[in-house]
Amino acid sequence: QCQLSGLWRNDQDSLMEISVLRENGDFQGQYLTQVTLSGGCAQISPLRGAQQQLGEEGWPTFVFTVHWDKFSNASTAFVGQCFVDAGGKETLSTMWLLREAVGSLEEDWKATR
C-alpha cells in the first residue's frame, strides 16, 4: 500500500510535504519548488488535495493544487498515481498544469503550460 503522507522530492529537487491525510482521502501540506517562473528565491506554498480511496489492495490516484501566491501569480494542478516497486520503494508519477495570469483574453493562448 502506498502512503502519500510524508516528505517527497522530485527530479528537480523540489520538496513536497503532505502533513495531514484524512480518512476521507483529503490532504494538505506544503510545496517548496526549486523551479520558479520569476527566477527568484523559492518559498513554501500551500497545497491541498484528495486521494482516491481504495481498498487494501491497489495504488491510489490523487490530485492536488498549489497556490504560488507569495512569488508568482500562478496556480498549478497536479494529477498522479502512487506506485510501489518490488523492493517497497514508493514513487509518485504525476503530470501538472500551470496557469499564469495574463493581461487580456488575447494573451490567453500563452497562459497555460
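The values are calculated or read from the model by the stated rules, or taken from the named source; none is laboratory data. Computed from a prediction, not measured in an experiment: that's the story for all the values here. Backbone-built Cβ (ideal geometry, glycine too); neighbour counts: all protein chains shown. Protein only, heavy atoms only, side chains kept; ligands, DNA and RNA dropped before computing areas. Shrake-Rupley method; radii C 1.70, N 1.55, O 1.52, S 1.80 Å.
Descriptive notes on the structure:
- Residue in region 1-23 that is open to solvent by 70 Å² or more (accessible area, probe 1.4 Å), at pLDDT 90 or above and in a loop (DSSP other than H, G, I, E, B) present: yes
- Answer residue from region 34-57, given it is open to solvent by 40 Å² or more (accessible area, probe 1.4 Å) and assigned to a strand (DSSP E or B) and is modelled with the lowest pLDDT among those: ILE44
- Matching residues in region 58-71 - criterion: being open to solvent by 70 Å² or more (accessible area, probe 1.4 Å) and at pLDDT below 90: TRP59, HIS67, ASP69, LYS70
- Residues that are more than 17 Å from the chain's Cα centre (by Cα) and surrounded by 14 or more Cβ atoms within 10 Å (Cβ to Cβ) within region 72-110 comprise just one, VAL102.
- Neighbours by Cβ (under 7 Å, 6+ apart or cross-chain): first from region 1-29, closer than 20 Å to PHE83 by Cβ; second among the aromatic types (Phe, Trp, Tyr) and assigned to a loop (DSSP other than H, G, I, E, B): CYS2/TRP59
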